[in-house]
Ligand code: PMP
């Protein structure tokens, strides 16, 4: 993309306005003041461009969301067409619109068995917040108002509202309040960091026992739901031991606890399936919360998909449904979602990811020969690199070494955006990456990690 001088000037202005006025989501505001920001300005396929004209592979897919890649004219046209006809109208009470009804029907068709009813929102936090409110409302309606506790896990990430930051593991709660009295935290199914000397099977047994003990201690009648990402995302791309999904699901069934699957990242192709909980891990949740890939980020949109059983109770006469947002069922967002899903189906993106995802995994796993790389983990287009000071003991570098950030900066210099998170670097690129592009990303990562090792040595951290 060629940038005009005017554009560069406006980028400088954007950055100055940003520094003076813009509060960045989930960021170190102090570091931004000191170090400045990259002004993103363009996009194309699997690339993004900054305002100075530098082109990068988008290793993070916007933020785990641009599943079909950039520059999809069809989605843009669908949005514009809808904006021309009816940019917005409320769906409160008896009002509806065509894109929202059509998308709800499509999601009911794609979602597993009894998940046939859809509540639309504007993002993943709203989807999870809604899931918990719906479950609580369900129990109120059937005369069990005491059934309120939610089981979540350390390292979970479920959002950033007062309720969903509480569902999110304690790491992200430091310095902030949240509705934590509603939540009980179980251990993360983190095999790489399991206690030394414990086998993976032994670890799985421990996790399941811990969950059952917690249910019995809280009293099964006080527990409303278990919420889980099929693979934990922002908590470190943690893939649970084989069998974990089925056994946690069975415990939920045993004690009448609803299973909420947070598929905000994993749905719509990222793991090679429309809904990973059912299609990949073989469980049929009571609720699936989805967002991100539902519209590939072209519009803010989320869908909380609930079972017939829950819907039957909450739609009984006798109580109003006091839950909804102005932009629930936004027609332009739903039009984007419909077109995006049409593309995923037409281009067989799930099948494609089932082929290219393992190549991406293999390419990244090759980096494990580098001394700094403790583990590469994840599945398909949801991957993470964990850096360590010592591969054998898995000891971490001190926080001041900022290893994830250094790797991300070295990658950015070489034309790749990856997300730093403490000692981790996360990769969740668009699902349309070609094999040659995957190889190029692997080569950039190798050079960047090597350069980071040199930097760390120079600064006395290695
Ligand atoms: N759930 C998961 C698994 C997520 O990864 C995220 C965001 N990354 C959320 C929920 C919250 O979504 P949002 O930021 O759109 O509110």
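Readers should treat all values here as calculations from the given coordinates under stated rules, not as data from a laboratory. Predicted, not measured: the structure shown is a model, and the values here were computed from it. Here Cβ is always computed from backbone atoms with ideal geometry, including for glycine, and neighbour counts include all displayed protein chains.
Values for this structure:
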| item | result |
| --- | --- |
| Tensor-based shape of segment 115-196 (alpha-carbon gyration tensor, a/c under 1.5 rounded, otherwise prolate or oblate) | prolate |
| Segment 5-74 and segment 384-462: distance between their alpha carbon centers, rounded to Å | 20 |
| Cβ-based exposure ranking for 58, 250, in which fewest neighbours within 10 Å come first | 250, 58 |
| Relative intensity, log₁₀ I(q)/I(0), of segment 234-367 from a Debye sum that treats every alpha carbon as a point, q = 0.11, 0.18, 0.20 Å⁻¹ | -0.51, -1.19, -1.32 |
| For segment 316-462: rounded, prolate or oblate by the Cα gyration tensor [a/c cutoff 1.5] | prolate |
| Computed FRET value (nearest 0.05) for residue 325 with residue 144, which takes r as the C-beta separation and R₀ as 25 Å | 0.40 |
| Added length on full extension, which subtracts the Cα-Cα distance from 0.36 nm per residue, residue 85 to residue 348 | 91.7 nm |
| Relative contact order, percent, segment 112-175 [alpha-carbon distance under 8 Å, six or more residues apart] | 27 |
| Per-residue Cβ neighbour rank within 10 angstrom, fewest leading, 95, 204 | 95, 204 |
| Separation between Cα centres of segment 188-221 and segment 222-255, rounded to whole Å | 11 |
| The chain: relative contact order in percent, alpha carbon pairs under 8 Å with at least 6 residues between | 20 |
| Order of 339, 114 under a 10 Å beta carbon neighbour criterion, fewest first | 114, 339 |
| DSSP beta bridges in the chain [antiparallel fraction, %, rounded to 5] | 65 |
| Amide N of segment 396-418 lying under 18 Å from the label point, which is placed 7 angstrom from the Cα of residue 371 along Cα→Cβ | 396-398, 401-404, 407 |
| Relative contact order computed over segment 112-238 (Cα-Cα under 8 Å; 6+ residues apart), in percent | 29 |
| Pair residue 242, residue 177: separation of 7 Å Cα→Cβ label points (nm) | 4.7 |
| Distance from segment 77-130 to segment 270-311 (C-alpha centre basis), Å | 13 |
| Gyration tensor verdict on the chain (Cα atoms; rounded if a/c is under 1.5, prolate if a/b is larger than b/c, oblate otherwise) | oblate |
| Within segment 165-317, percent of DSSP bridges classed antiparallel, to nearest 5 | 40 |
| Potential lengthening between residue 359 and residue 37 on full extension [0.36 nm per residue; Cα-Cα distance subtracted] | 112.7 nm |
| Structure-based [θ]222 nm, the chain - -39500 (n - 2.57) summed over DSSP H runs of at least 4, per residue, nearest 500 | -12500 deg cm²/dmol |
| Potential extension, residue 199-residue 92 segment - 0.36 nm per residue separation minus Cα distance | 33.3 nm |
| Relative frequency of Cα-Cα separations exceeding 25 Å in segment 1-117, percent | 50 |
| Two-site FRET efficiency, residue 12 against residue 109, from Cβ-Cβ distance with R₀ of 35 Å, rounded to 0.05 | 0.10 |
| Calculated FRET efficiency for the pair residue 187/residue 457, C-beta based, R₀ 35 Å, to 0.05 | 0.50 |
